[in-house]
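Here the structure comes first, spelled out in structure tokens, and everything after it is commentary.
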Amino acid sequence: MAGLKKIRSRISSVKNTEQITQAMKMVAAARLKKAQMRILNLRPYAENILSVMADVALSCNIRHPLLEKKEKMKKILLVVLTSDRGLCGGFNNNICRFAENFYHSQKEKDLGFFFIGKKAKNYFRFRGIPSVGEMFQLDREISYPLAGKVAHQLMNNFSDGKYDGIYFIYNSFQSVISQKVIKETFLPIDISEAPLVHQNQFSRDMIFETPPEELLEDLIEKHFTVQVYRCMCESVAAEYGARMSSMDNATRNAQDIVSRLTLTFNKMRQSAITTELIEVSSGAEAMKG
């Protein structure tokens, strides 16, 4: 009977775990819906603002330091976006391993790290790699003003010559069950492949109420802030999707374990009952004899 009590206790424990994972799945699903709508609505704006900026720069033949690609990029800042919490499958490990592999492949360059998320900080701190900046609780505090603060700091570092390039490494939200690790160059801004708003000669004769140089300056700052905000939204949406999928798998595994334990429990109980019946029958036969 001691074995039966142990199995019964384990079944109860697994059921409690199943309830927790089911609740975490429901919370992640509710938050994912909001995050998914936010990133789907933001993507077209983030793409079009680059087109407008490229149109102004090329039409008026304006040069800007943030648009000039340097021949040799020796100092690079990697901004790595992860989550603060675990229980989301390979979401964080995929990002950290990708960033680590890139770090080791660029030994000839001076690489710095800016961590957004505790998982990235802990991963690289364990490997003795420091950071130049950190930011946590992205999923709770994500907002456009927060992205503006980060963008302003990164733009100042680039303008002051501390870095020749700034890369973002993050999980791009593909679908509820799919995320893709992306390494994207944020600075300098590449406008060569941006689709122009005006494709005809008329775009070169546009009249601006605001001087084109000031307008381009504002557009560049707006563009960079929007791109930083977009990456944050992508990462948060991908995190919720990964956590929902992971908790769904954990719930199913818990249900399978409960089914197997219940089957084992019933077999052992039936065997114990059969043994007791045999003992009773044998005792009765012995008394008759």
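Tabulated values for the structure
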{"item": "If the convex hull is drawn through the Cα atoms of region 111-185, its volume per residue in Å³", "result": "114"}
{"item": "Antiparallel bridge percentage (DSSP; both residues within the chain; nearest 5)", "result": "40"}
{"item": "For region 39-194: rounded, prolate or oblate by the Cα gyration tensor [a/c cutoff 1.5]", "result": "oblate"}
{"item": "The chain: radius of gyration over Cα atoms, expressed as a fraction of 2.2 N^0.38 Å", "result": "1.53"}
{"item": "Per-peptide average of other Cβ atoms within 10 Å, ordering 114-121, 45-52 highest first", "result": "114-121, 45-52"}
{"item": "Overall form of region 1-121 per C-alpha gyration tensor (a/c, 1.5; a/b vs b/c)", "result": "oblate"}
{"item": "Charge context of ASN266, other residues only, Cβ under 13 angstrom, K/R +1, D/E -1", "result": "+4"}
{"item": "Label-to-label distance, nm, for residues given as LYS72 and ALA46 (7 Å Cα→Cβ offset)", "result": "3.3"}
{"item": "Vicinal HN-Hα couplings computed from phi for region 41-51 (Karplus, 6.51 cos²θ - 1.76 cosθ + 1.60; Hz; Gly/Pro x)", "result": "6, 7, 4, x, 5, 5, 6, 6, 5, 5, 5"}
{"item": "Value of relative contact order over region 1-126, rounded to a whole percent, pairs C-alpha under 8 Å and six or more apart", "result": "24"}
{"item": "GluC sites (Glu not before Pro) restricted to DSSP loop in region 58-110 with at most 10 other C-beta within 10 Å", "result": "GLU68, GLU71, GLU108"}
{"item": "Packing-based ranking, highest mean first, of 217-230, 178-191 given that Cβ atoms within 10 Å are counted", "result": "217-230, 178-191"}
{"item": "Region 129-168 shape via C-alpha gyration tensor axes, a/c threshold 1.5", "result": "oblate"}
{"item": "Net charge contributed by nearby residues that have their C-beta within less than 14 Å of GLY241 (K/R +1, D/E -1)", "result": "+3"}
{"item": "Where the chain is the region considered: accessible area per residue in Å², 1.4 Å probe", "result": "58"}
{"item": "Built amide H within the under 5 Å cut-off of LEU187, gap 5+", "result": "ILE166"}
{"item": "Theoretical FRET efficiency, 1/(1+(r/R0)^6), r = Cβ-Cβ of HIS104 and SER9, R0 41 Å, to 0.05", "result": "0.30"}
{"item": "Estimated FRET transfer efficiency (GLN174, ARG252; beta-carbon r; R0 22 Å; 0.05)", "result": "0.50"}
{"item": "Using θ = phi - 60° and Karplus 6.51 cos²θ - 1.76 cosθ + 1.60, couplings along region 248-263 (whole Hz; Gly, Pro as x)", "result": "5, 5, 5, 5, 5, 5, 5, 5, 5, 5, 4, 5, 5, 5, 5, 5"}
{"item": "Rounded tilt (10° steps) of 144-159 against the dominant C-alpha axis of the chain", "result": "50"}
{"item": "Theoretical gain in end-to-end length, ILE20 to THR185 [0.36 nm per residue, Cα-Cα removed]", "result": "55.4 nm"}
{"item": "Inter-probe distance in nm under a simple model that places probes 7 Å from Cα toward Cβ, at GLU276 and SER159", "result": "8.2"}
{"item": "Of all accessible heavy-atom area on the chain, the percent that carbon and sulfur account for (1.4 Å)", "result": "52"}
{"item": "Burial order of peptide ranges 275-281, 252-258 (average beta-carbon count within 10 Å, highest first)", "result": "252-258, 275-281"}
{"item": "The chain: relative contact order in percent, alpha carbon pairs under 8 Å with at least 6 residues between", "result": "32"}
{"item": "Lys/Arg +1, Asp/Glu -1 at C-beta; the chain dipole; positive extreme among PHE124, SER105, GLN19", "result": "GLN19"}
{"item": "Mean-position separation - Cα centroids, region 213-289 and region 64-124, in angstrom", "result": "32"}
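The values are calculated or read from the model by the stated rules, or taken from the named source; none is laboratory data. The structure presented is a predicted model; accordingly, all values stated were derived computationally and were not measured. Ideal geometry is used to build each Cβ from the backbone, glycine not excepted, and the neighbour counts take in all protein chains shown. Each accessible area value is taken on the protein alone, full model and side chains, heavy atoms only, with ligands, DNA and RNA left out. Shrake-Rupley method; radii C 1.70, N 1.55, O 1.52, S 1.80 Å.
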